[in-house]
1. With a ≥ b ≥ c the root eigenvalues of the C-alpha gyration tensor of the chain, is it rounded (a/c under 1.5), prolate (a/b larger than b/c) or oblate?
2. Show that you can apply the helix-only estimate: for the chain, add -39,500 (n - 2.57) for every DSSP H stretch of four or more residues, divide by all residues, and state [θ] at 222 nm to the nearest 500.
3. Per residue, how much accessible area does the chain show when a 1.4 Å probe rolls over the protein heavy atoms, in square angstrom?
4. Once you have the Cα-Cα distance between D115 and S145, take 0.36 nm times their residue separation minus that, and quote the gain in nm to one decimal.
5. Using the per-residue mean of other Cβ atoms lying within 10 Å as a proxy for protection, in what order, highest first, do the peptides 195-202, 310-317 fall?
6. Rg and Dmax of region 121-169, Cα atoms, in Å?
7. Taking a threshold of 26 Å on the Cα-Cα distance, which of the pairs K166/K187; K187/K283; K7/K344 fall above it?
8. Counting only C-alpha contacts under 8 Å and six or more residues apart, can you give the relative contact order of the chain as a whole percent?
Amino acid sequence: MINLIEKLERKHSLSLTEYQTLIENRTPQLAEILAKKAEAVRQRIYGKDVYIRGLIEVSNICKNNCLYCGIRSGNPGCSRYRLTPEEILSCCEEGYGLGFRTFVLQGGEDPHFTDELLASLLKEIKSRWPDCAVTLSLGERSRESYQLLFDAGADRYLLRHETADKAHYERLHPAEMSFENRMECLKALKEIGYQVGCGFMVGSPGQTAATLAKDLKFVETFQPAMCGIGPFIPHDATPFKEEPAGSFELTLYLLSILRLIKPDLLLPATTALGTIHPIGREKGILAGANVVMPNLSPVSVRKKYELYNNKICTGEESAQCRQCLNRRMESIGYRIVTARGDIKSEV
Ligand code: 5AD
Ligand code: FES
């Protein structure tokens, strides 16, 4: 295994079978070796800086019915909301004052958010806060829509690929959704010029070392700017009720591997990681992550954007989360910086 790790460190690439072997043979000792190497690589490029992104959950209305997700269209128990452009702008304003220089507009696939509405919102955000990056995370749209939103000022787009294995994708999604279309969307986003984020859940039903190996190979070849991974956490109102074992440790292990695959990768220590472990995000940073994405949504809607059970920070104000994260990062010797936090090319 040490040989594989050294090869990965040198070449930033392994074969599919080698990735699978590395995953199948995970031990606490190997995890520690990988984490040390990942931390050194991240330190070389990003130092002790942690980038923050202000997450604004613009709508929990979604036309999709993904089997794992709490805001799926088939959940009648979900109380639906959408924010107005004015509400979104006041989240940005508050966030700017708290040192955020990236705003992430995330939501379900809500047809209310037309190109016209989003383009005018993007122009407004960009004119009021020209030193900020805007990230969109609004699911699958047409290439024309992605182009129009890019032209209106969007800098980045997050669209998790969810799994790079077609059969596994079909296990997680209803028949109307297509693996091919998701991959086409990611390709289009990259061609248009977005800084693209992909990603996947760890421990989702049907996931194996072989499907995870494909996820790693996908990241290696697609070369996204960002990759969001976090443990799968069941939501009561979905068919997937079983809590997977070991997904916390496996997520940390994969974060370290991803850092070695792409040293400059923007790698968030996700809210899901902080949900399943009291210091999950800190441990994520120590395993090689370099981004955190605290919530900037109005407190009144936070509980409603419930992708999984027991999500943290649903009662806290934005300023409280910012303070809390400051302390958490300082406790492990890192610091949150006031910066757009673009990907750094290696020097
Ligand atoms: N547990 C963990 N992550 C989830 N997501 C959706 N549902 C869950 C869940 N139950 C993730 C998906 C999606 C992102 C916004 O949240 O990967 O892309
Ligand atoms: Fe929200 Fe700690 S980050 S309360």
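1. Here the chain falls in the rounded category.
2. -13500 deg cm²/dmol
3. 40
4. Contour length minus Cα-Cα distance gives 10.2 nm.
5. 195-202, 310-317
6. Calculated on Cα positions, Rg and Dmax stand at 13.7, 45 Å.
7. The answer is K187/K283.
8. Reported relative contact order: 26 percent.
The values are calculated or read from the model by the stated rules, or taken from the named source; none is laboratory data. These figures come from a predicted structure and were not determined experimentally. Please note: Cβ atoms are built from the backbone with ideal geometry, for glycine as well, and neighbour counts cover all protein chains shown. Areas reflect the complete protein model, heavy atoms only, side chains present, ligands, DNA and RNA absent. Shrake-Rupley method; radii C 1.70, N 1.55, O 1.52, S 1.80 Å.
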